[in-house]
Amino acid sequence: MSKSSPWSVAADINPPLNHLSNIINLQESSLESSSPESPLIVGRHTLASRLIVGTGRYDTMQQMKDSLDASGADCVTVAVRREKLYERGGQNILDFLDLDRYTLLPNTAGCYTAVDAIRAAKLGREILRTLGNPGADWVKLEVLGDSKTLLPDPAATVEACRELAAEGFSVLCYTSDCPVTARRLKEVGAASVMPAGSPIGSGQGLLNPNNLRIVLEYLKEDDPNYPVIVDAGVGTASDVSEAFELGGDGVLLNTAIAHARDPVRMAAAMKHAAIAGRHAFLAGRIPKRLYGTASSPSEGVISTRPYGSETKE
């Protein structure tokens with residue numbers, strides 16, 4: 001490298017985030033301009049980005065703000081029961097959320113009974129009505145059954161979903177990857193079913209893609225546009241891409257960004273993984289074959305003899 005080069009060797013290996021974003025944004029904009037892709041519709045909401053991100057577990061409010069911005073999301077989820085409006089330094093989370101840009105999705109994280117989850121959902125609705133945010137009419141429903149694994153309670157989740165849907169909520173239901181439970185949640189009125197890739201915050205990725213394929217098949221067999229959003233367990237960008245390649249309509253994540261060594265850079269990675277995975281699904285992958293298939297024609301070549309072979313007289 002010449003001495004006049006503006007970048008150091010380390011920068012060549014790990015270039016600045018804004019430089020990477022500028023390059024990828026140019027490629028992304030040209031791809032999206034020629035794509036017939038439609039936005040994600042969930043209940044009464046239309047989302048330009050298919051990535052939904054959380055607001056918890058960041059080191060600072062500013063780090064959260066920058067990460068949300070880098071993710072490209074236009075919907076962020078806030079835990080009604082767990083989220084503190086003010087951090088230790090006295091900063092208010094609402095001062096770092098652009099309510100004109102983001103639709104807030106209140107969630108019932110930390111609830112272990114249907115009664116508690118319903119109460120939290122109603123509290124979230126009142127808070128967002130006061131703020132004038134359009135997210136007041138929907139909720140991400142979580143009813144946990146176990147504090148160690150954070151797996152959902154299927155019966156309580158179905159019960160809470162039924163009641164909230166009857167009261168006019170657009171309910172996005174966090175559930176396991178059980179196809180039977182997923183179908184039952186749709187039957188009781190879930191606006192979207194959100195099967196887990198793996199336990200919340202585990203970073204294990206999609207442990208059972210075959211179950212997710214079945215969930216997608218069951219929920220979309222009579223309604224191809226029914227939104228299925230993969231929620232929980234994402235560890236890195238390839239997990240997001242895989243979820244979309246399977247046919248998921250959206251991905252919701254939090255810890256994978258908030259606890260990354262560089263949350264802002266990871267948020268940007270998640271954004272582009274979502275775009276790549278969705279385009280890959282729409283494009284249609286080639287089938288997997290046991291043997292190789294030549295990518296160029298064999299007709300008209302100069303010789304079909306392997307290089308290095310000798311002609312025998």
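The values are calculated or read from the model by the stated rules, or taken from the named source; none is laboratory data. Please read these numbers as outputs of a predicted model, since none were measured by experiment. Cβ placement follows ideal geometry from the backbone for every residue including glycine, while neighbour counts extend to all protein chains displayed. The accessibility values were calculated without ligands, DNA or RNA, using every heavy atom of the protein model including side chains. Shrake-Rupley method; radii C 1.70, N 1.55, O 1.52, S 1.80 Å.
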Q | Long-range neighbours under 6 Å by Cβ, at least six apart or interchain, first residue among the β-branched types (Val, Ile, Thr) within the stretch 38-65, second part of a strand (DSSP E or B) and modelled with pLDDT under 95 | A | Thr55/Val78
Q: Report yes if some residue within the stretch 115-125 is in contact with a Ser or Thr (Cβ under 9 Å, 6 or more places away or on another chain), among the β-branched types (Val, Ile, Thr) and open to solvent by 50 Å² or more (accessible area, probe 1.4 Å); otherwise report no.
A: no
Q: Output yes when any residue across the stretch 173-180 is out of contact with any Asp or Glu (no Cβ under 9 Å at 6 or more places or on another chain), part of a helix (DSSP H, G or I) and buried (at least 18 other Cβ atoms within 10 Å of the Cβ), and no when none is.
A: no
Q: Kindly indicate whether Lys148 is in contact with a Leu (Cβ under 8 Å, 6 or more places away or on another chain) and basic (Lys, Arg).
A: no
Q: Test each condition in (1) surrounded by fewer than 23 Cβ atoms within 10 Å (Cβ to Cβ); (2) part of a loop (DSSP other than H, G, I, E, B); (3) in contact (Cβ under 8 Å) with a residue 12 or more places away in the chain for Val264 and report the one that comes out false.
A: (2)
Q: Tell me which residues, restricted to the stretch 182-227, are touching a Pro at 6+ places or on another chain (Cβ under 7 Å) and not in a helix (DSSP H, G or I).
A: Ser192
Q) Among Gly247, Gly189, Gly235, Gly205, which is surrounded by fewer than 23 Cβ atoms within 10 Å (Cβ to Cβ) and either in contact (Cβ under 8 Å) with a residue 60 or more places away in the chain or over 21 Å from the mean Cα position of the chain (by Cα) (or both)? A) Gly189
Q: Give Leu99, Leu94, Leu104, Leu68 a once-over and let me know the one that is buried (at least 18 other Cβ atoms within 10 Å of the Cβ), touching a helix residue (DSSP H, G or I) at 6+ places or on another chain (Cβ under 8 Å), of a type in the set (A, V, I, L, M) and free of Cβ contacts under 8 Å to residues at least 40 places away in the same chain.
A: Leu104
Q: Collect the residues in the stretch 126-147 that are without any contact (Cβ under 8 Å) to a residue 60 or more places away in the chain, surrounded by 21 or more Cβ atoms within 10 Å (Cβ to Cβ) and of a type in the set (A, V, I, L, M, F, W, C), keeping them in residue-number order.
A: Leu128, Val139, Leu141, Val143, Leu144
